1. Which sequence of 195, 71, 352 reflects their accessible areas, 1.4 Å probe, from the largest down?
2. Given a 1.4 angstrom probe, I'd like the percentage of the accessible area of the chain that is carbon and sulfur, rounded to a whole number.
3. Is there a pair in 14/131; 2/147; 14/179; 179/205 whose C-alpha atoms are over 26 Å apart, and which pairs would that be?
4. Take residue 206 and residue 311, extend 7 Å from each Cα along the Cα→Cβ direction, and tell me the distance between the two endpoints in nm.
5. Using a probe radius of 1.4 Å on heavy atoms only, what accessible surface per residue do you get for the stretch 168-257? Whole Å² is fine.
6. So how much accessible area does residue 289 have, in Å² to the nearest 10, using a 1.4 Å probe?
7. Please compute the per residue accessible area over the stretch 263-360 with all protein chains in place, 1.4 Å probe, rounded to a whole number of Å².
8. Cα extents of the stretch 191-292 along the three principal axes, largest first, in whole Å?
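The values are calculated or read from the model by the stated rules, or taken from the named source; none is laboratory data. Please read all numbers here as calculations on a predicted model, not as lab measurements. Cβ: placed from backbone, ideal geometry, glycine included. Neighbour counts: every protein chain shown. We work out accessible area using only protein heavy atoms, side chains counted, and drop any ligands, DNA or RNA first. Shrake-Rupley method; radii C 1.70, N 1.55, O 1.52, S 1.80 Å.
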Amino acid sequence: MKIFVVAGEKSGDKQGALLIRELLERRPDLEIEGLGGRQMHEAAPAVEDWADAAGVIGLVDVLRHIRFFARRLREMTERIAAAQPECLILIDYPGFNQRLAERVRRVSPNTRIAYFIAPMVWAWHRGRIPKLARVLDLMMCTFPFEKPLFETAGLRTEFVGHPLVEDILARRNPDVREKNLIGLFPGSRRREIERHFPVFLDVVKMARLMHPEWRFMTSASTERLAETMRRMADEAGVPQEAVNITPGLYHDLMDRADAALVTSGTATLEAALHELPFALVYRVAPLTYMVGRLLVDINWIGMVNILQNRTVTTELIQGDFNAENCVEELESLMNPAERAQVLAGMRESVARLGHGGAAAKAAEAVLSLF
């Protein structure tokens, strides 16, 4: 049996690798190829590592790379048309993968198409749900409220739980929390860091005057990005001793920090699973934000809040994301009563995410198609 797997970002690459290993454990004879990242390539050498090129964010960045994505979409469609695989597994990355699914349904009608980590069409464009139901054979969702949305449209749907649950619980160290240590999480990509880290540096400068007892630490995903952040700190006049910039301590910092500022995305769920009180921050290009406001159909962008349908963690977006508001939120998170309330809400949210084993459940669901 031949299976194509396509992911386009580092988070999808990690989950894709876990899924590939679960599939091969059950069916060692599977031939697996496609597009992914380093981890998927290690799990299945025929999977090409394209994650660095594919990992752009925001409407403006996508438009800059539109020819690249159009070419890769055409190439992958042609490969699948020639191979006629039994199954195509799409992992997150909706802008590319939804278009690929539509093309594969035309050129390889016998190929079963499964989607792991359901696209958030419920937030952006619910009208796409019936279209997905016509194209896909299986949807594997990671949030419980997604299952009835897709099933109502006639699409076979399995709630497999969120992959982060067992990942974080396996690595958590709940006994190392350090009082007055503030974690700064600007994102893992250069563009995210360029948009968020300057504000974080303003927070550090303000807090040094208002709260000299606070200590700041941030973890870069690579040494190169750490050097970029150190250079930004120097240019902003923030001394090295004011903010510890160290690569590779991401989850360790989530365990140790007393409170945090976390960029919107997977990191907010990770912080909740680490039981780290945080405020969500987010800033994108103005055009991307304007278009997003026209399309988005939800009251919050943080999944902790969406799962509860109320504000559990404060969201500081675009103009609201400034040093004054960030310091105010950190002060609130240091208050015992408010801190306890935020932690209780986060625990209620993550309790809805399942109890682990998402990749194993996803592998069983895919193989059940045959």
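1. On the way: 195 60, 71 95, 352 115 Å².
If we order 195, 71, 352 from most to least accessible, we get 352, 71, 195.
2. Carbon and sulfur together cover 51 percent of it.
3. Values: 14/131 28 Å; 2/147 28 Å; 14/179 32 Å; 179/205 19 Å.
Checking Cα-Cα distances, 14/131; 2/147; 14/179 exceed 26 Å.
4. 1.7
5. Averaged over the residues of the stretch 168-257, the accessible area is 50 Å².
6. 80
7. Normalised by residue count, the accessible surface of the stretch 263-360 is 44 Å².
8. Per principal axis, max minus min of the Cα coordinates gives 39, 32, 30 Å.
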